[in-house]
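See below for the structure under consideration.
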Amino acid sequence: MRASDFLFTNALLVDPGTGTFGQRDLLVRDGRVEAVAPSLAPYGTWKAGDAPLAVCDLKGYYLFPGLVDIHTHLRVPGQEHKETLASGTRAASAGGFTSVLTMPNTNPCLDRSSVIRDLQKRIAAEALVRVYPVGAVTRGQKGRSLAPLEALRRAGAVAFSDDGRPVMDASLAMQAMQKAAETGCPVISHCEDDRLARGGVVQAGEIAEQLGVKGIPPAAEDVMTARDLVLASDTGAYLHFAHVSTAKSLDMIRSAKDRGVPVTAEVTPHHLALDARAVLRLGSNAKVNPPLRTEHDRLALQEGLRDGTVDAVASDHAPHHPREKASPLTEAPFGVIGLETTLPVMLSFVEQERIGLARAIELLTVGPARVMGLDAGTLETGGQADLVIVDLDRAFQVDAGLFLSKARNCPFDGWSLKGRTLLTMVGGRVVYEREESLRGRTTRQ
Ligand code: DOR
């Protein structure tokens, strides 16, 4: 569907950022939201002679602000055999995401302003959705000396992380938090004590024993969560916890938040939906870091969605080449993809009444946008028209073979889910449309 301006009518609008939940019309002009109201028909403020207008009846369909993913690996630069900006952002658009943060564990990693500037040029040329780089915390992500955080911020980094690796040196981690605070950007902590985790493949315990592989104890995450909470509390710097996976870490974060420590937390769909047993069925497509944990942890994370301890759900989309993932379990890289399944997996929790629809959408829109201070995740009048239209009732079977991502390492392959993205728009431009599914509902003026 191509037109300059759009009037969506009869949409079921869920926008937790503005507190809207109900049937609305929404007018997009010049890439911005011009009006949202119970009725704008027939054409809102559009009049003959203006730019062409597409009027699209969304009766029965949902309209959400474009989803925001604050944890994506687009693998650029240097690992384009796993994913590219084009394939990764196509996958994002198909999943309803209009803004993504891309992690710095690339080759070279994003530890120099020149690398980030080059990446920005490629983003401008190749990306379909908004892409925000995360700068490295330490040079080479080696954990020995700080990267030039201020210069990285000036080049466009919106946060700092050594994601994929922990910053083991507590003094360096503390300096990073202080420096990052001066730049106004958060540090994203990948909590893992590498001595406790080293050589581990899956969660320590029964499954690791059954498979005869080394386990990763929950303490590997928990001791670092505890350390980073102390550092955040002492520095007053803003810290964000990536992919929280244990009940104990979540509990510590909950009490720290209650005491006013400035931290936020994200969880992933795979830690919410799967436990360690999944690796028996899925092999390396369930090998992820932090590992899938116990049922107790999984249910605790779901409780964290409900009680507000968790601020955002993030995909941790970690594409790997099928050949890499085909290696024996002990050698295959950690990571699963998620851009094209995060929304329907979250909607499955809504269907199971584990979480309300508005809260699920909050965790995918304004929640993550607030965590990273992004001007995104809500459809305010005058704001950029980043949105997604979803058929919540449409059931489908996940077929990783059809993904727009280059990668196939999806733990949800074959699952029956509901909630199809029909159209995704970034700044008023249609970047994704499923099989022209809205054509029969659209008239042009
Ligand atoms: O499973 C993971 N994969 N966890 C990480 O922290 C890094 C990621 C990757 O880059 O593949």
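The values are calculated or read from the model by the stated rules, or taken from the named source; none is laboratory data. These numbers come from a predicted model, not from an experiment. For neighbour counting, all protein chains shown are included, and Cβ atoms are generated from backbone atoms with ideal geometry for every residue, glycine included.
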Exercise. Could you look through segment 162-182, keep only residues that are surrounded by fewer than 22 Cβ atoms within 10 Å (Cβ to Cβ) and under 20 Å from Ala151 (Cβ atoms), and pick out the one that is nearest to the ligand (Cβ to nearest atom)?
Key: Leu172
Quiz item: Among the residues of segment 17-49, which ones are among the small types (Gly, Ala, Ser), assigned to a loop (DSSP other than H, G, I, E, B) and under 23 Å from Val390 (Cβ atoms)?
Solution: Gly17, Gly19, Gly31, Ser39, Ala41, Gly44
Quiz item: Do we find that Ser348 is at pLDDT 95 or above, under 21 Å from Arg75 (Cα atoms) and touching a Leu at 6+ places or on another chain (Cβ under 9 Å) in this structure?
Solution: no
Practice problem: Tell me which of these Lys248 doesn't satisfy, since it passes every other one: (1) surrounded by fewer than 19 Cβ atoms within 10 Å (Cβ to Cβ); (2) farther than 21 Å from Asp194 by Cα. | Solution: (2)
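Here is a yes/no grid of residues against (1) crowded, with 24+ Cβ neighbours inside 10 Å; (2) over 23 Å from Thr378 (Cα atoms):
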| site | (1), (2) |
| --- | --- |
| Thr98 | yes, no |
| Thr102 | yes, no |
| Val129 | yes, no |
| Val134 | yes, no |
| Gly140 | no, yes |
| Gly143 | no, yes |
| Glu150 | no, yes |
| Phe160 | yes, yes |
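Output the residues belonging to segment 35-51 that are surrounded by fewer than 19 Cβ atoms within 10 Å (Cβ to Cβ), closer than 26 Å to Pro368 by Cα and in contact (Cβ under 8 Å) with a residue 24 or more places away in the chain.
Within segment 35-51, Ala35 is the sole residue that qualifies.
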Quiz prompt | From Cys185, Cys191, residue being touching a helix residue (DSSP H, G or I) at 6+ places or on another chain (Cβ under 9 Å), within 12 Å of the ligand (Cβ to nearest atom) and more than 13 Å from Thr138 (Cα to Cα) | solution = Cys191
Practice problem: Looking for whichever is in contact (Cβ under 8 Å) with a residue 40 or more places away in the chain and more than 15 Å from the ligand (Cβ to nearest atom) here; the options are Arg281, Arg298, Arg306. Which one fits? | Solution: Arg306
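Restricting attention to segment 219-239, and to residues there that are of a type in the set (Gly, Ala, Ser) and surrounded by fewer than 23 Cβ atoms within 10 Å (Cβ to Cβ), which single residue is farthest from Leu172 (Cα to Cα)? Please lay out each step first, then the result.
If we filter segment 219-239 for residues that are of a type in the set (Gly, Ala, Ser), which is where we start, we get 219-220, 226, 232-233, 236-237.
Within this subset, residues satisfying the condition of being surrounded by fewer than 23 Cβ atoms within 10 Å (Cβ to Cβ) are 219, 226, 233, 236-237.
Values: Ala219: 21, Ala226: 16, Ser233: 16, Gly236: 16, Ala237: 14 Å.
Going through the qualifying residues, I end up with Ala219.
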Exercise. Among the residues of segment 316-327, write down those that are more than 11 Å from the ligand (Cβ to nearest atom) and touching a residue at least 24 places away in the same chain (Cβ under 8 Å).
Key: His321, Pro322, Ala326, Ser327
